[in-house]
Amino acid sequence: MKGKRMSALATASLMAMTALAAMPQPAMADEEKTVINIWSKDRHDADYVQKKVDEYNATNTDNIEVNYQLYTDNYQQAIDMAVQSGELPDILVFQDDAFNKYLGEGQWADLYEFMDDDTKEYFKDVIYDGYNELDGKLYFIPTTGTTCRLFYNTEIFERMGIENPPETLEEMVEDAKLITSELSGEGIYGFAENMKSASAGLARSMMVGLQRETGTLLGYDFAKGEYDFSTWADELALWTELLSDECAFPGCESLDIDPLRTQFAAGKIGMYMSYTHAEPGVYANQFPMDSDKWDCVPIPTTGGKEVGKQYFSATSSYMLNAKSENLEKAYQVYHDIFTTEEYLIGYYEGGYGVSIIPAVLEKAEPSEDFKNKKWLQINPDMDALLPKPPHTAFTSGMIVEGEDLYKTCESIYYGGADIESTLQDLSDRYNKAYQEAIENGTGYEVKIENYDPMNPVLK
């Protein structure tokens with residue numbers, strides 16, 4: 001009896017052990033998920049990206065967990081602090097300033113080290129020597145493009161009897177004054193720009209108009225190989241009017257872009273300037289606005305001058321932290337989420353950016369905004385990839401004394417500084433810093449013989 005009982009116990013024990021072995025077991029310490037951190041500065045596509053990240057986390061079989069974090073106004077600051085502390089994430093949305101600042105420190109990974117031949121072939125049309133490919137290394141892959149346009153409220157224009165949006169900066173000032181004088185009692189104003197940050201506001205507005213108006217880029221003349229800000233005088237005089245109480249939404253000097261968009265969607269702003277890739281997604285998803293209530297046109301210039309093309313910037317790019325402890329898996333995440341055709345088509349069709357990938361353009365059905373608002377598209381007659389001036393060139397060592405070009409402009413349109421003398425001083429300071437950088441070996445000469453601003457080439 002006793003023997004039979006022991007035999008039964010042994011059998012039961014064996015069965016229990018077998019059942020236990022068949023059950024899923026908790027992961028051991030060495031089987032814990034690898035966390036890949038991604039940082040972004042883009043609000044307009046955040047929901048779309050988060051959805052794709054969630055799908056990846058739910059389906060990948062490589063024991064990888066992606067943590068997607070959104071940084072907005074403090075993106076550059078967050079990057080600077082993370083670099084200093086050694087806590088930079090594995091993957092980051094491309095930021096021009098951050099890229100330039102830390103490239104020389106070996107911070108960004110060469111994608112060529114991980115890419116297979118099929119991936120190289122798929123993206124070959126968006127690899128530009130001197131832009132994202134440097135010295136045989138590929139640092140980011142742009143998948144959409146953006147430029148800047150003047151966005152306007154069609155209902156306000158109709159109400160004011162303005163038949164056509166402005167083609168010159170002078171006309172724009174007149175339209176803004178008319179709207180403000182007639183409708184400010186209702187809280188409606190002619191113009192606004194996100195001037196909380198001089199660099200953020202001017203980069204998407206005045207600086208773009210100056211490219212077409214002067215044929216220079218951020219004050220730099222590539223043919224002469226020198227800075228000349230004197231050509232900005234006429235435009236700055238008009239911008240001083242645009243930002244005055246006669247034209248501008250109250251509090252522009254402390255306005256950020258999303259509060260501006262909120263007011264525009266509410267019908268309180270007649271005109272502003274911004275990036276083409278973001279606004280359709282913003283007004284479709286972030287701050288809903290009927291599509292027929294807004295449109296865009298080229299940024300007006302002084303007297304309608306057009307002697308050069310304006311930049312288009314490649315967007316929707318990601319940089320990989322070369323110092324990541326999980327670099328290979330970081331590339332795997334980047335490849336499996338952000339380079340798939342399904343993701344890229346969905347991004348374009350969702351109105352988050354204008355694709356520049358030939359295969360996507362062939363297959364995608366873009367949103368009605370991109371179909372019907374022709375100036376949202378990159379226009380080769382107006383938009384081009386432009387070379388970089390010395391102070392923004394890769395690994396530039398230029399150190400400019402005093403206020404930068406953006407804050408100097410601010411001292412004119414808000415501070416009342418004399419235009420001519422202030423711009424002359426700005427030219428002197430930038431040229432001095434440029435020459436010193438060349439002489440001490442921290443910068444290099446950027447001069448393009450026979451440079452044609454209507455047919456720019458990268459250097």
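Mind listing just one residue for me: the one in region 439-459 that is over 29 Å from Met382 (Cα atoms) and polar (S, T, N, Q) and, of those, surrounded by the fewest Cβ atoms within 10 Å (Cβ to Cβ)?
Looking at the filtered set, the residue picked out is Asn440.
Report yes if Thr180 is of a type in the set (Ser, Thr, Tyr), out of contact with any Lys or Arg (no Cβ under 9 Å at 6 or more places or on another chain) and free of Cβ contacts under 8 Å to residues at least 60 places away in the same chain, otherwise no.
No: the conditions fail for Thr180.
I'd like the residue in region 183-194 that is outside any loop (DSSP other than H, G, I, E, B) and touching a strand residue (DSSP E or B) at 6+ places or on another chain (Cβ under 7 Å) and, out of all such residues, is nearest to Thr422 (Cα to Cα).
By that ranking, first place goes to Phe191.
Pairs, please: C-beta under 6 Å, at least 6 apart or cross-chain, first residue surrounded by 14 or more Cβ atoms within 10 Å (Cβ to Cβ) and in region 105-134, second of a type in the set (Phe, Trp, Tyr) and not in a helix (DSSP H, G or I)?
Trp108/Tyr139; Asn132/Tyr139; Asn132/Phe140
Can you name the number of the only condition in (1) assigned by TED's automatic domain parsing to the domain that holds Lys224; (2) at pLDDT below 90; (3) surrounded by 19 or more Cβ atoms within 10 Å (Cβ to Cβ) that Ile356 fails?
(1)
State which residue is surrounded by the most Cβ atoms within 10 Å (Cβ to Cβ) when the search covers only region 90-104 and only residues that are in a loop (DSSP other than H, G, I, E, B) and in contact with a helix residue (DSSP H, G or I) (Cβ under 7 Å, 6 or more places away or on another chain).
Residue satisfying both the conditions and the ranking: Asp90.
In the set Gly351, Gly397, which member is assigned to a loop (DSSP other than H, G, I, E, B) and not assigned by TED's automatic domain parsing to the domain that holds Ser230?
Sole residue among the options that is assigned to a loop (DSSP other than H, G, I, E, B) and not assigned by TED's automatic domain parsing to the domain that holds Ser230: Gly351.
Considering only region 296-335, state which residues are within 21 Å of Pro380 (Cβ to Cβ) and outside any loop (DSSP other than H, G, I, E, B).
Hits for region 296-335 are Cys296, Val297, Thr301, Gly304, Gln310, Tyr311, Ser313, Ala314, Thr315.
The values are calculated or read from the model by the stated rules, or taken from the named source; none is laboratory data. All values reported here derive from a predicted model rather than from experimental measurement. Please note: Cβ atoms are built from the backbone with ideal geometry, for glycine as well, and neighbour counts cover all protein chains shown.
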